[in-house]
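The values are calculated or read from the model by the stated rules, or taken from the named source; none is laboratory data. On a predicted model such as this, the values are computed, not experimentally measured, just so you know. No Cβ is skipped: glycine too gets one built from the backbone with ideal geometry, and neighbour counts run over all protein chains shown.
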Amino acid sequence: MFHIRIGGELIGKSNSNTESPSTGTLLLCFVFLITAAVNSSVMAQSGGEAAAKLNINVTRIVSPISPTLYGLMTEEINHSYDGGLYAEMIQNRAFHADWEGTPPWDLVRRGNAVASKSLDTSNGPSKPLSYSMKLTVAAASDGNEAGLTNPGFWGFGLRPNTTYLGSLYARVEDSAIGPITVRMIGNATGVVEAQAQVAVQPGPWARYEYKLTTGAIAPSIANHLEFTVSHPGTVWLQLVLLMQPTFNNRRNGNRIDLMNRMAAMHPKFLRLPGGNYLEGMTVEDRFDWKKTIGPLVDRPGHQGPWFYWSTDGLGLLEFLEWCEDLNVEPVLAVYAGYSLGGSHVAAGKDLEPYVQSALDEVEYVTGDTSTQWGAERARDGHPAPFPLHYIEIGNEDYLDKSNSYPARYAQFAEALHKRYPQYKLIATDGNSEYETRVHPDISDEHYYKSPADMMDLVHHYDKASRSGPKIFVGEWATRSGSPTPNFGDALGDAAWMTSMERNSDLIIMASYAPLLVNVSPGAMQWPTDLIGFDAGTTYASPSYWAQSLFAAHLGDGTAQSSISGANQRFFYSATVSAKEKVLHLKLVNASSIDQPLSLTLTGIDGAHTATVISLHAATFEATNSINEPEAIHPTQATASVPGSHWVHAAPALSIEVIDIPF
Ligand code: AHR
């Protein structure tokens, strides 16, 4: 039996058991009339547009959905880590001279204090940090303090009743200089929001800890930090840290609000460590993972490809702990001998050390503590191995004009397969047609498109060969908004996700890029990034909402479906959660006219209440921002689905995620 309800009124019902040859003609007329009534009613709802026919059969699953379809990809770009996710609050804590041109440290000289600062390249607490900031104070007293000030990463995000943990390496020759006073000060008010003292002892380099605790202050970012003394003397400083509270209270961990944003995307993996950040501009500036582990004082940092220095405070172990905290698996990209500036290491003998480094890296991630690098990981504080299934060899190696990738890929793949046959290998050739000696399990393909071009790409994989490697869409984004996607981008992204879900038998993983952007003036290198933030708060772009909703309503199989009569900018995905018996219907209407739909839902019998979550904006250009973070956000409603026939209109410029139980 089926019921047809239009505009809330039951207008027809039929029971197939009662059908007989004598009633056939009558039934045909009835169906014709009903169809005409449905169309005219839907046309009336939509201002005259004819209803498209969308047929979905929830009892016929035509292809599986990969459970790992949606994941995360980030790298050190737009101050994603230093000045972003990594909980460090001090900018250029190691006084690196090439820190975006000028170190942001400046002299403080209150009243009649006399002091100077200089970089001492012959004096530091460790070999990798063999230099330091030398503060020479000729005159200082109480009220006439001298020292150094740091602006933070475009401010210091302070919250009430919060403790911030600090440490520093210092060396003094004479105790007469007295303690170092650390003060967090409001930029506009001069009010000291929190302070502490560090009693430094004469002698060799030593590490000191301090704590700053705020009272009942209002949250703010317009603050700076000062380290001052009240007596003449000389002090050398290095690795001056201040960490904000971290997700899961992780030591040397990540900022809580950004981790919460990522967790709410329901990711299944984290592709790490990049992107171009893996390669560096030169071979020398690659992500050399061995230099990113161990005590912070033993990490030299390195020049990233996005024009600023990385502290590597967020190093390989911290990437893996981030995975653990979000309960996702790493997709580990190993450096494969090509760097973005165009240099490459030739396959063969020259490449061997890099292959060995990759083998060691996998051992650091997965080896037990009886292995050399598993033991190293245990010494670094994490005895348990991390889960791993996928290893990616390189990044965007199709840019290597020397065409050296097939040979480099083969050398890495042979060594990795031999030692770790259980892992799937990902090639970055972009077209999966490379004739390598070892065929990749998976091909990483990247798409950065305008809204119009992304929508035109939606059927790209529908007819793609299923006999080659699986696809990892390791980077993708619809790009027109800046710093974060606008609603037109969200529509392009949602349209593209309908395509990835439909083709998820082939596309087993996908990750939008870049994920994070510090929106403070001068912090961004790449416009159109999913999540915006400053020193104090974060905001979600319309695309973020679309992606979170799609991932939260993924399903495990794509239902058989067909559509006719829809506008050119209408897209949909129909997936099913078999055990829960829910149809997840995603409707993306990127057109400026409503799209009326006449849905036939085979397998959905009787009346059901659907949950409809909608995202809508008036224009493609409408967006969210740090000052208007909620301009576009999801709203939730319910709809009555009377049975296997449902009339619904997808509003102009809207993304709807509809759950229909059956
Ligand atoms: O996501 C930004 C950059 O785009 C990545 O680093 C690189 O892999 C791609 O070209």
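Looking for something acidic (D, E) and within 26 Å of E630 (Cβ to Cβ) - is there at least one such residue anywhere in the stretch 565-586?
Within the stretch 565-586 (the criterion being acidic (D, E) and within 26 Å of E630 (Cβ to Cβ)), the answer is no, since none of the residues qualifies.
Out of the residues in the stretch 282-294 that are surrounded by 19 or more Cβ atoms within 10 Å (Cβ to Cβ) and within 17 Å of Y338 (Cα to Cα), which is farthest from the ligand (Cβ to nearest atom)?
Among those residues, the one meeting the criterion is W289.
All but one of (1) within 16 Å of the ligand (Cβ to nearest atom); (2) surrounded by 21 or more Cβ atoms within 10 Å (Cβ to Cβ); (3) assigned to a loop (DSSP other than H, G, I, E, B) hold for G313; which doesn't?
It fails just one condition, (1).
Could you say which residue among L239, L326 is touching a helix residue (DSSP H, G or I) at 6+ places or on another chain (Cβ under 6 Å) and either over 27 Å from D98 (Cα atoms) or surrounded by fewer than 23 Cβ atoms within 10 Å (Cβ to Cβ) (or both)?
Only one candidate passes the filter, namely L326.
When you go through (1) over 26 Å from A650 (Cβ atoms); (2) surrounded by 24 or more Cβ atoms within 10 Å (Cβ to Cβ) one by one for Q525, which number turns out not to apply?
Only one criterion is unmet by Q525, namely (2).
Listed here are the residues, each with its yes/no results for (1) part of a loop (DSSP other than H, G, I, E, B); (2) touching a Gly at 6+ places or on another chain (Cβ under 8 Å); (3) surrounded by fewer than 24 Cβ atoms within 10 Å (Cβ to Cβ).
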position: E76; (1), (2), (3): yes, yes, no
position: G84; (1), (2), (3): no, no, no
position: V108; (1), (2), (3): no, yes, yes
position: G111; (1), (2), (3): yes, yes, yes
position: A115; (1), (2), (3): no, yes, yes
position: S118; (1), (2), (3): no, no, yes
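Look through the stretch 220-236, keep the residues that are in a strand (DSSP E or B) and β-branched (V, I, T), and return whichever of them is surrounded by the fewest Cβ atoms within 10 Å (Cβ to Cβ).
T234
Taking the condition under 30 Å from A138 (Cα atoms) and not acidic (D, E), does S220 pass?
no
Is it true that G603 is more than 33 Å from the chain's Cα centre (by Cα) and over 16 Å from I61 (Cα atoms)?
no
Tell me which residues, restricted to the stretch 259-281, are at pLDDT 95 or above, within 14 Å of the ligand (Cβ to nearest atom) and either closer than 24 Å to P67 by Cβ or not in a helix (DSSP H, G or I) (or both).
Once the filter is applied, which keeps residues that are at pLDDT 95 or above, within 14 Å of the ligand (Cβ to nearest atom) and either closer than 24 Å to P67 by Cβ or not in a helix (DSSP H, G or I) (or both), the stretch 259-281 yields R271, L272, P273, G275, G280, M281.
Being under 19 Å from F620 (Cα atoms) and part of a strand (DSSP E or B) is true for just one of L587, L583, L597. Which residue is that?
So the residue among L587, L583, L597 that is under 19 Å from F620 (Cα atoms) and part of a strand (DSSP E or B) is L587.
Considering only residues that are aliphatic (A, V, I, L, M) and not in a strand (DSSP E or B), look in the stretch 203-218 and name the one that is farthest from the chain's Cα centre (by Cα).
Restricting to residues being aliphatic (A, V, I, L, M) and not in a strand (DSSP E or B), the top hit is A216.
Suppose we filter the stretch 606-625 for residues that are surrounded by fewer than 17 Cβ atoms within 10 Å (Cβ to Cβ), in contact (Cβ under 8 Å) with a residue 60 or more places away in the chain and either under 32 Å from the mean Cα position of the chain (by Cα) or closer than 30 Å to V517 by Cβ (or both); how many remain?
Of the residues in that region, 3 qualify.
Write out, first by first residue and then by second, each pair whose Cβ atoms fall under 9 Å of each other, whose residues are 6+ apart or on separate chains, and whose first residue, in the stretch 446-468, is among the polar types (S, T, N, Q) while the second is more than 16 Å from the ligand (Cβ to nearest atom) and not in a helix (DSSP H, G or I).
S465/S432; S465/L506
Can we say S66 is touching a strand residue (DSSP E or B) at 6+ places or on another chain (Cβ under 8 Å) and part of a strand (DSSP E or B)?
no
Taking interchain pairs and intrachain pairs at least six residues apart, which have beta carbon atoms under 6 angstrom, with the first residue in the stretch 530-546 and in contact (Cβ under 8 Å) with a residue 24 or more places away in the chain and the second basic (K, R) and in a helix (DSSP H, G or I)?
What qualifies is I531/R261; T538/R261.
So Y512 clears everything in (1) buried (at least 24 other Cβ atoms within 10 Å of the Cβ); (2) over 18 Å from the mean Cα position of the chain (by Cα) except one condition, right? Which one?
Single failed check for Y512: (2).
Can you find even one residue in the stretch 191-199 that is closer than 23 Å to G215 by Cβ and surrounded by 18 or more Cβ atoms within 10 Å (Cβ to Cβ)?
yes
Is at least one residue of the stretch 418-435 among the acidic types (D, E) and away from the ligand (no atom under 16 Å from the Cβ)?
yes
Between P330, P385, P406, which is part of a loop (DSSP other than H, G, I, E, B) and either in contact with a Phe, Trp or Tyr (Cβ under 9 Å, 6 or more places away or on another chain) or not acidic (D, E) (or both)?
Only one candidate passes the filter, namely P385.
Within the set of pairs 6+ apart or on separate chains, which have a first residue in the stretch 471-484 that is closer than 14 Å to T428 by Cβ, a second that is within 14 Å of the ligand (Cβ to nearest atom) and of a type in the set (K, R), and C-beta atoms under 8 Å apart?
Pairs found: G474/R271.
Looking for whichever is of a type in the set (A, V, I, L, M), surrounded by 14 or more Cβ atoms within 10 Å (Cβ to Cβ) and assigned to a helix (DSSP H, G or I) here; the options are L425, L359. Which one fits?
Selected residue: L359, the only one of L425, L359 that is of a type in the set (A, V, I, L, M), surrounded by 14 or more Cβ atoms within 10 Å (Cβ to Cβ) and assigned to a helix (DSSP H, G or I).
Given the condition away from the ligand (no atom under 16 Å from the Cβ), in contact with a helix residue (DSSP H, G or I) (Cβ under 8 Å, 6 or more places away or on another chain) and not β-branched (V, I, T), answer yes or no: does some residue in the stretch 461-473 qualify?
Within the stretch 461-473, one or more residues are away from the ligand (no atom under 16 Å from the Cβ), in contact with a helix residue (DSSP H, G or I) (Cβ under 8 Å, 6 or more places away or on another chain) and not β-branched (V, I, T).
Among the candidates A347, A375, single out the residue that is away from the ligand (no atom under 16 Å from the Cβ), part of a loop (DSSP other than H, G, I, E, B) and either aliphatic (A, V, I, L, M) or in contact (Cβ under 8 Å) with a residue 40 or more places away in the chain (or both).
A347
Has the stretch 316-323 got at least one residue that is more than 16 Å from the ligand (Cβ to nearest atom), in contact (Cβ under 8 Å) with a residue 24 or more places away in the chain and touching a Leu at 6+ places or on another chain (Cβ under 6 Å)?
The answer is yes; a qualifying residue exists.
Examine the stretch 31-49 for a residue that is more than 16 Å from the ligand (Cβ to nearest atom), at pLDDT 95 or above and assigned to a loop (DSSP other than H, G, I, E, B), and state whether such a residue exists.
No, the stretch 31-49 has no match at all.
Where residues in the stretch 474-491 are under 18 Å from the mean Cα position of the chain (by Cα) and away from the ligand (no atom under 16 Å from the Cβ), which of them is nearest to T623 (Cα to Cα)?
N486
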